[in-house]
1. In segment 106-113, is there at least one residue being away from the ligand (no atom under 14 Å from the Cβ) and either closer than 30 Å to residue 246 by Cβ or not assigned by TED's automatic domain parsing to the domain that holds residue 248 (or both)?
2. Tell me, please, whether a residue that is closer than 26 Å to residue 269 by Cα and free of Cβ contacts under 8 Å to residues at least 40 places away in the same chain can be found in segment 96-107.
3. With 47, 79 as the choices, which residue is modelled with pLDDT of 95 or more and within 23 Å of residue 188 (Cβ to Cβ)?
4. Pull up segment 279-291, narrow it to residues that are in contact with a helix residue (DSSP H, G or I) (Cβ under 9 Å, 6 or more places away or on another chain) and over 24 Å from residue 128 (Cα atoms), then point me to the one that is surrounded by the fewest Cβ atoms within 10 Å (Cβ to Cβ).
5. Residues in segment 180-198 that are within 20 Å of residue 136 (Cβ to Cβ) and crowded, with 24+ Cβ neighbours inside 10 Å: how many?
6. So which of 15, 65 is assigned to a loop (DSSP other than H, G, I, E, B), within 16 Å of the ligand (Cβ to nearest atom) and either in contact (Cβ under 8 Å) with a residue 24 or more places away in the chain or in the same structural domain as residue 243 (by TED's automatic domain parsing) (or both)?
7. Can you tell me how many residues within segment 114-151 are more than 15 Å from residue 339 (Cα to Cα) and within 15 Å of the ligand (Cβ to nearest atom)?
8. Sort out for me the strands (runs of 3 or more DSSP E) sitting completely within segment 292-399 that have 1 or more residues that are modelled with pLDDT of 95 or more and surrounded by 14 or more Cβ atoms within 10 Å (Cβ to Cβ).
Ligand code: PLP
């Protein structure tokens, strides 16, 4: 398959995806031929504007939204900031309480923390053992002050898909706005905003074989939202700055391609995921898959191995040309336990023993036995290294 570096099995599609060749060609076309400023009145500018609006129309269509409900941003992080800060600011007169969950991406969690510093109160909901948020818990935490509920569609670490239709329905019953961070599902799982109680939704380009640094915010056209980037009149006066046309049209191309075979790719990845998990469970004792057994992003396996340091496993696999990610967040040189696994109730040791394998377009059925064998060998290696270390320690202490 295209975009596959020889001898590397890339299994980190939840972190990012290789850019589709057709997307690259589209971006090259735009850079060569559609370089005008979409705000200019002359022909060159007007043709850029036409292409910009065609991209907006097409992306709106993917969500069954209206064209004027799509805002282009610099990615999922900005879309989350735009939605949370923009809505909190616009609705501040009506209340100061926001509801979210403990397992959101940092783009939401840290934005909520910033809003707390500005006087908002935030409830961070617990999750169940699968990392799922219960609509009943959302309802129980609503107060007279609640203006916004933000719950992610699917979790980026463990892949659990939340019941956002039910959660959105709870929000609407109480006249509260509902935003969802759909960065891990945008384009990949069907979601039609005209049929869902979703007022705002964040999506990103680089999770669907599009360019990095571009994303969308869907915001219902009847919604008041305060601009978070001030300047020119672009994006209906709500997000200033000359539009990044190559990235936006690249994103539109990526969306077009992802929709072409969404169902079959979903089924293909689901099958590969099942084969991988069955093989790992059979071959490796002490292996546990985290997240919901069925309601999970197809192709995403977050798995812990008793007595194994996930970081070492990731590095060993990398040396064999297999790219996976660790289940823990690494910051400033120290490995912190994953906030998601901690919220799910796992012990610290367990949170550090996991890796995330996220399959995508570049993976085939032939990869699965290779992955199983490599992971089995490397888990064995990491375990025996740990045993040897313990033995040496005991000998030093007792010897
Ligand atoms: N939200 C979720 C759930 C994500 O997985 C990510 C990226 O990993 C983001 C937000 C941030 O998106 P971006 O990298 O486009 O800023």
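The values are calculated or read from the model by the stated rules, or taken from the named source; none is laboratory data. As the structure is a computational prediction, the values presented were derived from the model and not from experiment. We place every Cβ from the backbone using ideal geometry, glycine too, and count neighbours over all the protein chains shown.
1. Here is the first cut: in segment 106-113, the ones away from the ligand (no atom under 14 Å from the Cβ) are 113.
Next, from what is left, pick out any that are either closer than 30 Å to residue 246 by Cβ or not assigned by TED's automatic domain parsing to the domain that holds residue 248 (or both): none.
No, that holds for no residue.
2. Restricting attention to segment 96-107, the residues satisfying the condition of being closer than 26 Å to residue 269 by Cα are 103-105.
Now narrow it down to the ones that are free of Cβ contacts under 8 Å to residues at least 40 places away in the same chain: none.
No: zero hits.
3. Numbers: 47 fails: within 23 Å of residue 188 (Cβ to Cβ).
Exactly one of 47, 79 is modelled with pLDDT of 95 or more and within 23 Å of residue 188 (Cβ to Cβ), namely 79.
4. 282
5. Let us first name the residues in segment 180-198 that are within 20 Å of residue 136 (Cβ to Cβ), namely 180, 196-198.
Then drop every residue that is not crowded, with 24+ Cβ neighbours inside 10 Å, which leaves 180, 198.
Qualifying residue count for the region: 2.
6. Sole residue among the options that is assigned to a loop (DSSP other than H, G, I, E, B), within 16 Å of the ligand (Cβ to nearest atom) and either in contact (Cβ under 8 Å) with a residue 24 or more places away in the chain or in the same structural domain as residue 243 (by TED's automatic domain parsing) (or both): 15.
7. 2
8. Values: elements: 300-305, 329-331, 334-336, 354-358.
Here the list reads 300-305, 354-358.
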